[in-house]
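Structure, as structure tokens:
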Amino acid sequence: APPAFGRDFSPPPPPGAVQTMATPAGPSAEIIRAICGVTTYTGRMCHSCSGNFEVDRVTDTALRLPLLSPEAQLDPAVREQEERTPISLQELMHRAGQPEVIDGYDCDACRASASERGMAHSRSTITQHGGLVSATRDVVIIVLYRFGQAVDASGNFKPVKVKRQVSFPTVLPMEAGTYRLFGVVSHIGSTLSAGHYVAAVRSRRDDTWYECNDETVTPLSLKALYDGRDVTSVRDGAEPYILFYHRNGGDGAPLTPEAADSTEGAADAPAGEEAPPAQEAGEGPRTAGAGEGWVVLDDSGSVDVRIAGSPSAGAAGPPGAVAN
């Protein structure tokens, strides 16, 4: 008879043999970029030959946006002023592609033209636009650079946390389509040496937002998450750090303010949906119902999906799992 499913009947190792456990292989970089890749490039225009060309085209897993200008890293007064000035996500994306004039550039087209005419090649001035987005996939991840370097009173660089307020939309129009916010990772803490991360996620099951704080999961009642307004924070004292957007498939339009108002007092759940019961202080994590499951990320980076009611998952799920 064949061995029972899930049992290992391989012979034992010989005496003295060293046993090792194989580390599960995670998804390849190509697979990750196919799902959440952002392709950017740098555009350059030569002032001498008027040539336009693209360089540094790369596909990354996220769009990474600095919150402060380069001048703010060197001047404490500029840094303080910029940190006190709120800014929108759209402004940050626009500033990332702002033009920069560069002198003394070695233009290949100018060099080739000078060689054909038997003349000496002279370096030129160019206008450069960096960080231009040319393509996005189904998932767009945006990293707000909360952690950077600043010059202290002694003239030395030191790590700092940037607390500048950033407003971001729940619906983000981009060239490849309209994207809807479905996750926010925030950092709690004033310095880089200590702190805590929490996540806010929108459930695909009931379209309700939940906060995931370690093993505790509670529904969120922030109205801006439901009525289409811009969001600046999903938790008091926490700065948004990583934003997750998913391309709409035709049914992801934001709720209208009227629909959001009709759900007031019911955890601000979308119209027509009954909000899950609020979690009391000290209560354990929410228990998943039949057909629900957990996504578990272990120390090796492997992802395990467990479904409630299956032999591999208990009623409350594995430790550290988040019901979804």
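Worth pointing out:
- Within the range 91-98, the presence of at least one residue that is within 29 Å of Phe244 (Cα to Cα) and touching a His at 6+ places or on another chain (Cβ under 8 Å) is confirmed.
- Members of the range 35-66 found to be among the aliphatic types (A, V, I, L, M) and open to solvent by 70 Å² or more (accessible area, probe 1.4 Å), listed by number: Ile35, Val58
- Of all residues in the range 211-237 being open to solvent by less than 60 Å² (accessible area, probe 1.4 Å) and without any contact (Cβ under 8 Å) to a residue 40 or more places away in the chain, the one that is nearest to Pro159 (Cα to Cα): Asn213
- Those strands (runs of 3 or more DSSP E) lying entirely in the range 33-138 with at least 1 residues more than 24 Å from the chain's Cα centre (by Cα) and among the aromatic types (Phe, Trp, Tyr): 52-60, 99-105
- Some residue of the range 112-124 being open to solvent by less than 50 Å² (accessible area, probe 1.4 Å), within 18 Å of Pro70 (Cα to Cα) and not aliphatic (A, V, I, L, M): no
- Residue in the range 88-109 that is surrounded by fewer than 15 Cβ atoms within 10 Å (Cβ to Cβ), among the basic types (Lys, Arg), closer than 17 Å to Arg146 by Cβ and free of Cβ contacts under 8 Å to residues at least 60 places away in the same chain present: yes
- Some residue of the range 162-170 being surrounded by fewer than 19 Cβ atoms within 10 Å (Cβ to Cβ), assigned to a strand (DSSP E or B) and of a type in the set (Val, Ile, Thr): no
- Filtered residue count, the range 145-165, keeping only those that are of a type in the set (Phe, Trp, Tyr) and over 15 Å from Leu92 (Cβ atoms): 2
The values are calculated or read from the model by the stated rules, or taken from the named source; none is laboratory data. As the structure is a prediction and not an experimental result, all values here were calculated from the model. Reconstructed Cβ throughout: ideal geometry from the backbone, glycine too, with neighbour counts over all protein chains shown. The accessibility values were calculated without ligands, DNA or RNA, using every heavy atom of the protein model including side chains. Shrake-Rupley method; radii C 1.70, N 1.55, O 1.52, S 1.80 Å.
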